[in-house]
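Written out below as structure tokens is the structure these notes cover.
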Amino acid sequence: MSTGKFDGEYYFVLKDRAEGMPEMTPDEDTARKGYRFTRLPLHTKPLIFHNGSLEHQRANRIRPIDPPPEILFDGSDVLVKDEVRDKLLPLEIPNLAIQPAIYIDHKNNWHEDYWYLTFTELFDCWDRERSYYDPDPVDFDDVKLYEVYTYSLDEKELEETPLESRRLFKMGSTTEGPVVVHVSIASWFGRSGAVLVPIVEYGVSFP
């Protein structure tokens, strides 16, 4: 597969696979909210999560990471701490809702300094000619999602989109929907709990 001119500018923000990483599971109240795709009303009660893999970890004598990582994952979605949130706010990134969240760890400690990054719209910008993917999509709510094995970005799509609108986004039309970050702010996400994977290396040298 050939490389596009924008491919070297972007990273996927992926979950660290280290043992002891928590798996974000919402409480009943949070689960009823459409927080993954919707900007919730101002002053809504914070989203609350606990470690859904705790029983498995205890059964297999896996020690949960303590203190919790700086970046947590709910599937491919990301929770960050105050410092990253404060850096993101001035950028006014389109289609990004930064929502208050609480993580209750394995010791029942409440960590109230997390923020859930909700992308209210996805950005479908992977190139169908240069990417390697399964041509048979999965239909999900009338949307066709593809399993993509290696990525190359659509040059025309990115050229027509100002950098201010594509510094941070969630990839569309894929089964995983990874969070994608531009090199200019990628270091903000290079923290415990996360792995920054260059797009050109995904599916090649990683995983």
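The values are calculated or read from the model by the stated rules, or taken from the named source; none is laboratory data. Predicted model, so just to flag it, every value in this text is computed and none were measured. All Cβ positions, even for glycine, are placed from backbone atoms using ideal geometry, and neighbour counts span all protein chains on display. These area figures cover heavy atoms from the full protein model, side chains too; ligands, DNA and RNA do not enter into them. Shrake-Rupley method; radii C 1.70, N 1.55, O 1.52, S 1.80 Å.
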Condition set under 16 Å from the mean Cα position of the chain (by Cα) and surrounded by fewer than 18 Cβ atoms within 10 Å (Cβ to Cβ), scope the range 101-136, selection farthest from residue 71 (Cα to Cα): answer is 124
Pairing a residue in the range 154-180 that is under 23 Å from residue 134 (Cα atoms) with any residue that is open to solvent by less than 30 Å² (accessible area, probe 1.4 Å) and part of a helix (DSSP H, G or I), where Cβ atoms lie under 8 Å and the two sit 6 or more apart in sequence or on different chains, gives none
Counting only residues that are touching a residue at least 40 places away in the same chain (Cβ under 8 Å), assigned to a helix (DSSP H, G or I) and either surrounded by 20 or more Cβ atoms within 10 Å (Cβ to Cβ) or out of contact with any helix residue (DSSP H, G or I) (no Cβ under 6 Å at 6 or more places or on another chain) (or both), the range 85-100 contains a total of 2
By residue number, the members of the range 172-207 that are open to solvent by 30 Å² or more (accessible area, probe 1.4 Å), of a type outside the set (Gly, Ala, Ser) and more than 25 Å from residue 147 (Cβ to Cβ) are 183, 188, 191
Selection from the range 68-84 of residues open to solvent by 60 Å² or more (accessible area, probe 1.4 Å) and touching a Pro at 6+ places or on another chain (Cβ under 9 Å) yields none
